[in-house]
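Since the structure comes first, as structure tokens, the remarks are kept for the end.
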Amino acid sequence: MRVFIFFLIGFLSFQAGALRVLVDPGHGGIDRGASSGSIHESHLVLQIARELSNQLTRDPQFQVSMTRDSDRTLSLPDRVRKAEEFSADILISLHANSAPDRKIQGMEVYFQNQMPLAEENYYLANVENQILVTPNKYSSRLLSKLSDLNEIVADLERQGRIKLSLSFAEILRGSWPGSIKQAPFFVLNQSKSAAILIEVGFLKPSD
Ligand SMILES: [Zn+2]
């Protein structure tokens, strides 16, 4: 895990000027995420997020904040709102995967995708998105947005941050030890900042 944090800091250091980094430990509170015995994703990613934040804070080129610094429940829209309030340049959302197969392992990095909004809508049922989000509520909201003039403005913003996220992806591609994917996670697509979601590894199924 230290290697991962070291690598991430090195990657962020590529960016010129001070960078406002919002570290987002996934899940929390009543939502524990994936579990393996007594190990819960929500606790694990909080620990990693704290260590990442501590490391980043030591470097004056980063201004760092966390979406949560305790084991508390936080909805996905809350996280996006926090990114906006903090004016984050980049949102780093931390998660841990689970797999029934013990042999599966590795870290995965997800970037914002380029799908049209209507298609993203379909993916809102994705497991990382289900938590505290009523799919119907967001489906209808997204669909109504499509017919709105504001959508044009939103689309321009989207293209801007997708471009930024892709440039992060390009920097990572040569040296990142794990896989890099694009996926329509809620926190990635709804935030105005560049955003990445990292599945830090797999929690093994308990025996
Ligand atoms: Zn998760």
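Can you list residues whose amide H is under 5 Å from Phe62's amide H, if they're 5+ apart or on another chain and H is modeled 1.01 Å from N?
Leu19
At most 10 other Cβ atoms within 10 Å and a DSSP loop assignment: could you name the trypsin sites (Lys or Arg not before Pro) in region 32-98 that fit? Provide the component values of the computation, followed by the final result.
Numbers: sites: Arg32, Arg50, Arg58, Arg68, Arg72, Arg79, Arg81, Lys82; in loops: Arg32, Arg58, Arg68, Arg72.
Passing sites in region 32-98 are Arg58.
For Lys181 and Asp69 in the same chain, what is the full-extension length gain: residue separation times 0.36 nm, less their Cα-Cα distance, in nm? Can you show the working numbers first?
On the way: separation 112, 0.36 × 112 = 40.32 nm, distance 2.72 nm.
In short, 37.6 nm is gained.
Read-outs throughout are calculated quantities, based only on the coordinates presented, and are distinct from any laboratory measurement. This one's a predicted model, so the numbers in the text were calculated from it and none came from an experiment. All Cβ positions, even for glycine, are placed from backbone atoms using ideal geometry, and neighbour counts span all protein chains on display.
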